[in-house]
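Each reported figure results from applying straightforward, stated rules to the coordinates on display, with no laboratory input. Everything numeric here is computed off the predicted structure, so don't read it as measured data. Here the Cβ positions follow ideal geometry from the backbone for every residue, glycine too, while neighbour counts run over all protein chains shown.
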Amino acid sequence: MVLKSVKKKKRPPIRESVYGHLKTDILSGHLDPGEKLTEEHLAKTLGVSRTPIREALYKLESEGLIKPRNKRGFIVSGDSREEVEELFELRSILEGYALRVISQTISEETLKQLRDFIQNAEEALKKNKIEEVFKWNTQFHDLLHALIIEKARLHDLIVDIRKNVLRHRKDTLRYPDGVRRSVEGHKKIVIALQLKDPDLSERVMREHIQEAREDALRALFGKP
């Protein structure tokens, strides 16, 4: 009997692992805007040499996620009001179009999954478990995005935008009214999908994200 050789999955280069780790920490909000980043501290924390740290930091700088300090090292960048507005506007356009596409093919089984997410979010909201509400809300959007995975370019654009939007999630947690509006927005989305109305679906999604934009601006800058 001849045994087929099994190829071991190659690990990504250390510099890519370090870059991915730091980018995830920034976009998830684990590293706050203004937080200091130095090669020495990161190398000690991550248990690697300073070379991959340096390469990762320069790559993050080129993407605008961090910026140099006056003396040495970097700090995590914060989005300006204009950048936040642009981010949400782009998201509303992309996800509005995506829902238009989805409305024409969505199944009853998927609609039931979306309703279950909404119900779970409502139950968490009654218990004031805001983090749990966001978990179910995120799964709601994750499921919708999975439905357009074959439209690779649209899917990738939305995923990238969402990563940047979710960076501000911690700030919006302070506004339960905004969280409640988000759940209500999901109900409207499901109704539009049930009707299989592409125009209504696109409009409802864009309105939903515009409401999220107002909550983010209020949390970050004091007023929408």
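Data table
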read-out: Alpha carbon centroid spacing (whole Å) that separates the stretch 144-163 from the stretch 48-78; value: 28 Å
read-out: Which of His141, His30, His186 has the fewest Cβ neighbours within 10 Å, and the rest in rising order; value: His30, His141, His186
read-out: Tensor-based shape of the stretch 81-182 (alpha-carbon gyration tensor, a/c under 1.5 rounded, otherwise prolate or oblate); value: oblate
read-out: Cross-link pairs Lys59/Lys151; Lys23/Lys59; Lys126/Lys196; Lys67/Lys135 - those with Cα-Cα distance over 20 Å; value: Lys59/Lys151; Lys126/Lys196; Lys67/Lys135
read-out: Fluctuation leader among Lys151, Lys36, Lys187 - the chain, Gaussian network, Cα springs under 10 angstrom; value: Lys151
read-out: Positive-pole candidate from Leu147, Thr45, Leu99, dipole of the chain, charges at beta carbon; value: Thr45
read-out: For the stretch 83-224, with +1 on Lys and Arg beta carbons and -1 on Asp and Glu, the positive-most of Ile189, Ala216, Phe88 along the dipole; value: Ala216
read-out: Rounded, prolate or oblate (a/c below 1.5 giving rounded, otherwise prolate when a/b exceeds b/c) for the stretch 14-76 by Cα gyration tensor; value: rounded
read-out: Cβ-placed point charges (K, R +1; D, E -1), dipole of the chain about Cα centre in debye, nearest 20; value: 1100 debye
read-out: Relative contact order of the stretch 81-221, defined on C-alpha pairs under 8 angstrom at six or more residues apart (%); value: 43 percent
